[in-house]
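Visitor: So that we are looking at the same thing, I have put the structure below in structure tokens.
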Amino acid sequence: MKEENRCMGCMELKGGAEICPHCGYSENAPRIETYLPPRSIIGNRYIVGKVLSYNGEGVTYLGYDAIAARKVDIREYFPDTLAVREADGQGVSAKSGCQIAFKTYLSDFVEMMEKLSHMRTLSCLVQVWSLQEQNGTVYAIMEHVEGFPLQEYLDRRGLMLTWTEASDLLLPVFKTLQMLHQ
């Protein structure tokens with residue numbers, strides 16, 4: 001795979017700069033060893049960047065699809081109570097005594113991501129494009145959507161939403177949730 005000089009914080013081309021001129025990300029900044037190192041490659045195609053979120057079930061990284069030339073989100077199944085990162089910084093293995101639970105929840109993760117990948121008509125749902133098995137775990141490659149949290153939107157706005165604004169914003173989300181639960 002051709003190595004591009006992309007910032008691992010925003011996936012924009014940064015030239016030869018050590019600190020990204022777009023987002024200020026520095027690859028020399030300390031990182032948490034539990035996560036994949038930036039520039040890890042998934043499926044001979046996806047370049048792992050910075051951590052976007054983590055919730056105990058897994059971690060989501062900003063990524064770059066080197067073939068389609070677009071940003072993606074890479075969701076790694078990595079339940080912190082059941083799994084450990086191996087010494088190579090890539091592999092994932094179940095903690096002692098947790099093998100059955102790790103495999104069970106891994107199957108649940110794969111099943112959920114496969115179901116989500118077939119729901120392409122739901123506009124309020126991030127699209128799951130593929131699943132990659134690697135490093136003793138599974139990665140869901142998903143659509144990357146630029147945005148910010150609702151709380152940040154409300155803080156920037158400085159005003160409460162009117163009922164109409166809240167309805168316009170949230171009703172599609174609620175309808176999508178209803179369809180998912182059916």
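The values are calculated or read from the model by the stated rules, or taken from the named source; none is laboratory data. Everything numeric here is computed off the predicted structure, so don't read it as measured data. Positions of Cβ are generated from backbone atoms using ideal geometry, with glycine treated the same way; all protein chains shown enter the neighbour counts. The accessibility values were calculated without ligands, DNA or RNA, using every heavy atom of the protein model including side chains. Shrake-Rupley method; radii C 1.70, N 1.55, O 1.52, S 1.80 Å.
Visitor: Give the number of residues within the range 82-113 that are in a helix (DSSP H, G or I) and touching a strand residue (DSSP E or B) at 6+ places or on another chain (Cβ under 7 Å). Before you say what the answer is, go through the steps one by one.
Guide: Going residue by residue through the range 82-113, those that are in a helix (DSSP H, G or I) are 99-113.
Okay, now just the ones that are also touching a strand residue (DSSP E or B) at 6+ places or on another chain (Cβ under 7 Å), so 102, 106, 109-110, 113.
Qualifying residue count for the region: 5.
Visitor: Sticking with this structure for a sec: Return yes or no: is Ser26 over 21 Å from Ala87 (Cα atoms) and either touching a residue at least 24 places away in the same chain (Cβ under 8 Å) or small (Gly, Ala, Ser) (or both)?
Guide: yes
Visitor: Just to check your reading of the model, which residue among Glu114, Glu152, Glu143 is within 24 Å of Val72 (Cα to Cα), of a type in the set (D, E, K, R) and either without any contact (Cβ under 8 Å) to a residue 12 or more places away in the chain or in contact with a Ser or Thr (Cβ under 6 Å, 6 or more places away or on another chain) (or both)? So that I can check it myself, show each step before the final result.
Guide: Working: Glu114 fails: either without any contact (Cβ under 8 Å) to a residue 12 or more places away in the chain or in contact with a Ser or Thr (Cβ under 6 Å, 6 or more places away or on another chain) (or both); Glu143 fails: either without any contact (Cβ under 8 Å) to a residue 12 or more places away in the chain or in contact with a Ser or Thr (Cβ under 6 Å, 6 or more places away or on another chain) (or both).
So the residue among Glu114, Glu152, Glu143 that is within 24 Å of Val72 (Cα to Cα), of a type in the set (D, E, K, R) and either without any contact (Cβ under 8 Å) to a residue 12 or more places away in the chain or in contact with a Ser or Thr (Cβ under 6 Å, 6 or more places away or on another chain) (or both) is Glu152.
Visitor: A further question on this structure: Within the range 114-123, work out how many residues are in contact with a strand residue (DSSP E or B) (Cβ under 8 Å, 6 or more places away or on another chain) and among the hydroxyl-bearing types (Ser, Thr, Tyr). It would help to see each step written out before you state the result.
Guide: Step one: of the range 114-123, the residues in contact with a strand residue (DSSP E or B) (Cβ under 8 Å, 6 or more places away or on another chain) are 114, 116-117.
Cutting the leftovers down to among the hydroxyl-bearing types (Ser, Thr, Tyr) gives us 117.
Looking only at that region, the number is 1.
Visitor: Hey, among the residues in the range 61-84 that are free of Cβ contacts under 8 Å to residues at least 40 places away in the same chain and open to solvent by 20 Å² or more (accessible area, probe 1.4 Å), which one's farthest from Ile42 (Cα to Cα)?
Guide: So the residue we want is Thr81.
Visitor: Please go through the range 126-145 and pick out each residue that is under 14 Å from the mean Cα position of the chain (by Cα) and not polar (S, T, N, Q). Give the derivation first.
Guide: Start the filter on the range 126-145 by keeping residues that are under 14 Å from the mean Cα position of the chain (by Cα), which leaves 126-132, 138-145.
Result: Val126, Val128, Trp129, Leu131, Val138, Tyr139, Ala140, Ile141, Met142, Glu143, His144, Val145.
Visitor: Can you find, within the range 93-120, the residue that is most open to solvent (accessible area, probe 1.4 Å) among those that are over 17 Å from the mean Cα position of the chain (by Cα) and closer than 30 Å to Cys10 by Cβ?
Guide: Among residues in the range 93-120 that are over 17 Å from the mean Cα position of the chain (by Cα) and closer than 30 Å to Cys10 by Cβ, the one most open to solvent (accessible area, probe 1.4 Å) is Arg120.
Visitor: Under the condition of being surrounded by 16 or more Cβ atoms within 10 Å (Cβ to Cβ) and basic (Lys, Arg), which residue from the range 7-59 is modelled with the lowest pLDDT?
Guide: Across the range 7-59, the extreme among qualifying residues is Lys14.
Visitor: Within the range 146-159, can one find any residue that is more than 26 Å from Tyr61 (Cα to Cα), open to solvent by less than 50 Å² (accessible area, probe 1.4 Å) and outside any helix (DSSP H, G or I)? Reasoning before the result, please.
Guide: To start, the set of residues in the range 146-159 that are more than 26 Å from Tyr61 (Cα to Cα) comprises 157-159.
Within this subset, residues satisfying the condition of being open to solvent by less than 50 Å² (accessible area, probe 1.4 Å) are none.
No, the range 146-159 contains no residue that is more than 26 Å from Tyr61 (Cα to Cα), open to solvent by less than 50 Å² (accessible area, probe 1.4 Å) and outside any helix (DSSP H, G or I).
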